[in-house]
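Data first, discussion second: the structure below is written as structure tokens.
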Amino acid sequence: MLVNKAYKFRMYPTFSQKALISKTFGCSRLIFNKMLDKKLKDPSLTRFDMNKLILSLKEEFPFLSEVDSCSLRCSIFNLEDGFKRYYKKLGGIPRFKKKGINSSYRTNNITNTYKDKTYNSISVDLKRKEITLPKLKEVKIRGYRNLNKLPGRIINATVSKEGNKYYVSVVVSEEINKETEKTRGIVGIDLGVKNLVTTSDYEYHGNPKHLTKYERRIKKVQKKLNRQVKGSNNYKKTVNKLDEIYRKLKNARKKTAEEIVKKVIENNDVIVTESLNIKEMTKKENNKKNLRKEILNSTFGKIIRILEYKCKWEEKTIIKVSPYYSSSQICSHCNNKDKEMKDIRKRKYKCRECGSVLERDINASINILNEGIRLLIERKMITE
């Protein structure tokens, strides 16, 4: 099975390479903003039409010829993807890019053959710890010490800057042939604020609440930033410091989510989870600021996203239960529905019909498992 996997490396460009990377960021942003302006005026404009317009823009802005031409085309592809998501109601309309926010550019790997030799515009040498990129040539990298080479064909690379650090994410088309032992296990998982994940096997995966650890530092640095002159050297240093704190927070959340997912899929072939609408959940809790903050800090979306692609790689099945399924209100023993259990302060489910008593999250995870089994049987009956 072919899958696309990303390998992210830390980059150590030279002074001249840093200048070229910054210039490429600016040129990619310029193309994106110019084409977005034209697309808003003329929605019928296609990516092929926009690609033709790059030549006229190069005459108007000669410095566009100094950077990787593929990165300029990729800006148009990104813009088109943004509009596709907007038309499918998966996101908002693309917005104009600002300098210094999410600085990155993508370039595709172009393969050419000359005198029976194959040449790639992007190549990675993990023995010499170097990556070759268009215009930049060889750049020192660090990461993946246990790999001798990337296991697959390179598709593209994304160069990004986070604070004072440079990174490159290389997407590889990789063949996965995992012969994993079938455990025949099936588990239902309930996502929550107190415990990030509670399984129907009575396992709890707690919430480390990473934001609590970093919040005081963020407030302190933000307060310092507000007192400084915007654009000054000290202002830029403080911005980099703030970016570093946010990067640590992001990495801590990602690590927690990956550890939880690994434990969940290790002993199960079928995982049943909730299909949560995070945006809707936070809207409903607008009058409860603390709970809304906890929901956003719990990274439910990240856990589900990692679970989806890990299940694909491991050839396991994931079933999503409807977000409107009342898993917390139903008794897992007798299916009695108690609407009073909407109140999340009630941590014990006490059934008025059969008298069973269970932890709220355990009861919900068992209900999610039962609903997943029903959907799985229904799916098999339709295919047969």
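The values are calculated or read from the model by the stated rules, or taken from the named source; none is laboratory data. Being a predicted model, the structure only gives us computed values, none of them experimental. Neighbour counts are summed over all protein chains in view; Cβ atoms, including those assigned to glycine, are modelled from backbone coordinates with ideal geometry.
Some values worked out for this structure:
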item	result
In the stretch 146-169, residue surrounded by the most Cβ atoms within 10 Å (Cβ to Cβ) [restricted to those that are of a type in the set (Lys, Arg) and either part of a strand (DSSP E or B) or under 24 Å from the mean Cα position of the chain (by Cα) (or both)]	Lys161
Odd one out for Lys302, checked against (1) farther than 19 Å from Thr212 by Cα; (2) modelled with pLDDT of 85 or more	(1)
Every pair of residues 6+ apart whose Cβ atoms lie under 8 Å, when the first sits in the stretch 55-67 and is of a type in the set (A, V, I, L, M, F, W, C) while the second is in a loop (DSSP other than H, G, I, E, B)	Val67/Lys135
Test result for Cys331, at pLDDT below 90, in the same structural domain as Arg374 (by TED's automatic domain parsing), buried (at least 17 other Cβ atoms within 10 Å of the Cβ) and over 22 Å from Asn363 (Cα atoms)	no
Unmet criterion (only one of (1) charged (D, E, K, R); (2) modelled with pLDDT of 85 or more; (3) surrounded by 15 or more Cβ atoms within 10 Å (Cβ to Cβ)) for Asp338	(2)
Test: residue in the stretch 344-360 that is part of a helix (DSSP H, G or I), surrounded by 17 or more Cβ atoms within 10 Å (Cβ to Cβ) and not hydrophobic (A, V, I, L, M, F, W, C)	yes
Single match in Lys58, Lys99, Lys52 (criterion: at pLDDT below 90 and among the basic types (Lys, Arg))	Lys99
For Lys149: the one exception among (1) in contact (Cβ under 8 Å) with a residue 60 or more places away in the chain; (2) touching a Leu at 6+ places or on another chain (Cβ under 7 Å); (3) among the charged types (D, E, K, R)	(1)
Residues of the stretch 214-241 satisfying the condition of being within 18 Å of Ala252 (Cβ to Cβ) and touching a residue at least 12 places away in the same chain (Cβ under 8 Å)	Tyr214, Arg217, Ile218, Val221, Lys241
